[in-house]
1. With only alpha-carbon atoms counted, please give the Rg and Dmax of the stretch 33-123, in Å.
2. What fraction of the DSSP beta bridges in the stretch 75-153 is antiparallel, stated in percent and rounded to the nearest 5?
3. Tell me which aspartates and glutamates have Cα within less than 12 Å of LYS130's Cα, excluding those fewer than 8 residues away on the same chain?
4. What are the lysines whose alpha-carbon lies under 18 Å from the alpha-carbon of LYS78, with same-chain residues fewer than 8 places away excluded?
5. Rounded, prolate or oblate: which fits the stretch 93-143 when a ≥ b ≥ c are the square roots of the eigenvalues of the alpha-carbon gyration tensor, with rounded for a/c under 1.5 and prolate only if a/b beats b/c?
6. Accessible surface of ILE33 in the full protein assembly, 1.4 angstrom probe, to the nearest 10 Å²?
7. What does the charge count around THR94 come to, taking other residues whose C-beta lies under 9 Å from its C-beta (Lys +1, Arg +1, Asp -1, Glu -1)?
8. If you roll a 1.4 Å probe over the stretch 41-150 with all protein chains in place, what percent of the accessible area is carbon or sulfur?
Amino acid sequence: LMTQAPLHAAGDHTPESTENALSHVVSSYTPSIKALDYSRKKTWKLYSTNSNKILVVAMPKTPGNSDLHVDREVAAIKKHVGTQASTKVLENPTKEDVLRELGSCTVAHFACHGYLDPEEPSKSALILGKSVAEPLTIEDLGNITHQLAQVAYLSACSTAEISTRNLVD
């Protein structure tokens, strides 16, 4: 039952308050125990500053969906990263564009629409595309072997949604 509680949002969120979960913890989600086990067994490598590459997937306009105001989010990433890493922004990319770029980045940030498929979780997806919506599914991502990966940040709807009780684990 605790997986359905919004613990990451607990606390006082009035301006300037630090009495909230976001001020004390970093939320972390994993799609499976197998993925968590793999990440814990993987040797941690500290990458040099000039080898860090951040991929930002920004979908201000998504075919068949409402527009997203991601420009401030992208600008904030660029500002905070500065010269500590190279930042590549893909605006309204195709699924093929993203899959090609994922293999060479250390951090991936997705600012887009997404959806959950409660019947077939591997069909849950982030929605990409220029003129036609192209779902980038969990299954697509599961087929990637990526040795440089450090962080994937999902700033998308339904990315932490668990609407089916038999999937809470």
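The values are calculated or read from the model by the stated rules, or taken from the named source; none is laboratory data. Quantities reported herein were computed from a predicted structural model and do not represent experimental measurements. All Cβ positions, glycine included, derive from the backbone under ideal geometry; neighbour counts span all protein chains shown. Accessible surface is based on the protein model in full, side chains and every heavy atom, while ligands, DNA and RNA are left aside. Shrake-Rupley method; radii C 1.70, N 1.55, O 1.52, S 1.80 Å.
1. Rg, Dmax (Cα atoms, Å): 15.5, 43.
2. DSSP beta bridges in the stretch 75-153 are roughly 70 percent antiparallel.
3. Partners found: GLU91, GLU96, ASP97.
4. Filter leaves LYS53, LYS88.
5. Working: a/c = 1.87, a/b = 1.31, b/c = 1.43.
Taking the square roots of the gyration eigenvalues as a ≥ b ≥ c, the stretch 93-143 is oblate.
6. The value for ILE33 is about 120 Å².
7. Working: positive: LYS95, LYS130; negative: GLU96, ASP97, GLU134.
Around THR94, the charge tally is -1.
8. Numbers: 3470 of 6470 Å².
Solvent-exposed carbon and sulfur of the stretch 41-150 make up 54 percent of the total.
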